[in-house]
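*Asks:* Encoded as structure tokens, here's the structure I'll be asking about.
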Amino acid sequence: MSLTIENLKVILQNKEILHGVSLDIKEGEFISLLGASGCGKTTLLKSIAGLLEVKEGNISIRNKSVLELPPEKRGTVIVFQDLRLFPHMTVEKNIAFPMALAKVPKNEQKETVKRLLKAVQLPGFEKRKIREMSGGQMQRVALARALAANPKVLLLDEPFSGLDEKLRGEMGRLVKKLHDEWKITTILVTHDIREALQMSDKIAMMSEGSILQYDTPKGMMEHPADEKVRAYFGKINYVEGIVKGGKFTSGLFEAEVDLPDGEYKAGITWFRKGEENE
Ligand SMILES: Nc1ncnc2c1ncn2[C@@H]1O[C@H](COP(=O)(O)OP(=O)(O)OP(=O)(O)O)[C@@H](O)[C@H]1O
Ligand SMILES: [Mg+2]
């Protein structure tokens, strides 16, 4: 297992926030973490990264407990929603930061920054200051900096939530592409069910400090563990069709998709407008 969480309990200011969370994540898997605001998603990521004290339970990375390790020795990295870049510094300095800490030779740092900027589709942006970049560009730099730390586990805490729909989709696809290439075990916190369904090997659905269900996207939709999960994922209707050359065609609609040619079923679900994220 890449990451194993066993019966994790976390107490903050005398209040139990996580009530015995368990998760098993295989090497290279992409997991989405869903759940209402305040249910403990960020708390779980911070615990994994060593930024919070754990009351009970265990966290192992590649089958070794990391509970006694400080954050920088765990092989984890978090990208927070507010990104936490250094605005006055150049893109290059920001991305190289974890490598500078690890005393990677300067020329190697430069090479890696160049490669990462290419990977996040910002080639040649080395000397630009962070404060001179757009929100979407900053998001890419934050992603590159996270990757520069060469993490065993990448933790993404809603890093795209400030972006408009189109950019969000682009960033989602970029993360997925990088994940497919590099196979870094990833947990993505998101409020976007569609994003979770499209991107994940498995989805963990949280409520009030516990995991309600941890399953494949298909399992979540077809066998919801309880009414809460069912309500979240909605009822799925299937439309049969064919994908050819990146286009899904059915009797009802057509859509551009990133799938190999073949016969498919598209799952459609319905939410009352404004209730998508509840
Ligand atoms: N440092 C802290 N001290 C005390 N309570 C905290 C602290 N950080 C978070 N909490 C509480 O823990 C609970 C879980 O918070 P957390 O930030 O993990 O939620 P979340 O699922 O990430 O929510 P959101 O979707 O809004 O980001 C909340 O009730 C929150 O008020
Ligand atoms: Mg949060």
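*Asks:* Of the residues 106, 166, 152, 127, which is more than 16 Å from ligand 2 (Cβ to nearest atom), under 25 Å from residue 49 (Cα atoms) and of a type in the set (Lys, Arg)? Write out each step before concluding.
*Replies:* Values: 106 fails: under 25 Å from residue 49 (Cα atoms); 166 fails: under 25 Å from residue 49 (Cα atoms); 127 fails: under 25 Å from residue 49 (Cα atoms).
Testing whether each residue is more than 16 Å from ligand 2 (Cβ to nearest atom), under 25 Å from residue 49 (Cα atoms) and of a type in the set (Lys, Arg) leaves just 152.
*Asks:* Scan the strands (runs of 3 or more DSSP E) fully inside the range 145-249 and keep the ones with 2 or more residues being of a type outside the set (A, V, I, L, M).
*Replies:* Details: elements: 153-157, 185-189, 202-207, 210-215, 236-244.
In the range 145-249, the matching strands (runs of 3 or more DSSP E) lie at 185-189, 202-207, 210-215, 236-244.
*Asks:* Is there a residue in the range 66-88 that is aromatic (Phe, Trp, Tyr) and either in a strand (DSSP E or B) or over 29 Å from residue 210 (Cβ atoms) (or both)?
*Replies:* First, the residues of the range 66-88 that are aromatic (Phe, Trp, Tyr): 80, 86.
Those still in the list that are either in a strand (DSSP E or B) or over 29 Å from residue 210 (Cβ atoms) (or both) too: 86.
Yes, that holds for at least one residue.
*Asks:* Please indicate, with yes or no, whether at least one residue in the range 44-65 is out of contact with any strand residue (DSSP E or B) (no Cβ under 9 Å at 6 or more places or on another chain) and more than 16 Å from ligand 1 (Cβ to nearest atom).
*Replies:* Step one: filter the range 44-65 for residues out of contact with any strand residue (DSSP E or B) (no Cβ under 9 Å at 6 or more places or on another chain), giving 64.
From what's left, more than 16 Å from ligand 1 (Cβ to nearest atom): 64.
Yes; the residues of the range 44-65 include at least one that is out of contact with any strand residue (DSSP E or B) (no Cβ under 9 Å at 6 or more places or on another chain) and more than 16 Å from ligand 1 (Cβ to nearest atom).
*Asks:* Now for a separate question. Let me confirm something: among 240, 263, which residue is in contact with a Ser or Thr (Cβ under 9 Å, 6 or more places away or on another chain), touching a residue at least 12 places away in the same chain (Cβ under 8 Å) and over 24 Å from residue 34 (Cβ atoms)?
*Replies:* Numbers: 263 fails: in contact with a Ser or Thr (Cβ under 9 Å, 6 or more places away or on another chain).
Answer to the check: 240.
*Asks:* Only residues in the range 243-257 that are within 13 Å of residue 267 (Cα to Cα) count as the first member; pair them with residues that are part of a loop (DSSP other than H, G, I, E, B) and β-branched (Val, Ile, Thr), Cβ under 7 angstrom, at least 6 apart or cross-chain, and list the lot.
*Replies:* Pairs that qualify, where the first residue is within 13 Å of residue 267 (Cα to Cα) and the partner is part of a loop (DSSP other than H, G, I, E, B) and β-branched (Val, Ile, Thr), are 248/257.
*Asks:* Across the range 229-249, which residue is farthest from residue 205 (Cα to Cα) among those that are surrounded by fewer than 16 Cβ atoms within 10 Å (Cβ to Cβ) and at pLDDT below 90? Outline the logic, then answer.
*Replies:* Step one: of the range 229-249, the residues surrounded by fewer than 16 Cβ atoms within 10 Å (Cβ to Cβ) are 230-231, 235, 237-240, 242, 244-247, 249.
Narrowing further to those that are at pLDDT below 90: 230-231, 235, 237-240.
On the way: 230: 11, 231: 12, 235: 16, 237: 21, 238: 22, 239: 25, 240: 27 Å.
Out of the qualifying residues, it is 240.
*Asks:* Let me ask something additional. Looking at the range 19-58, which of the residues that are over 16 Å from the mean Cα position of the chain (by Cα) and within 12 Å of residue 155 (Cβ to Cβ) is farthest from ligand 2 (Cβ to nearest atom)?
*Replies:* Step by step, filter the range 19-58, then rank; the result is 50.
The values are calculated or read from the model by the stated rules, or taken from the named source; none is laboratory data. Just so we're clear, the structure is a prediction, and the values are computed from it rather than from any experiment. Reconstructed Cβ throughout: ideal geometry from the backbone, glycine too, with neighbour counts over all protein chains shown.
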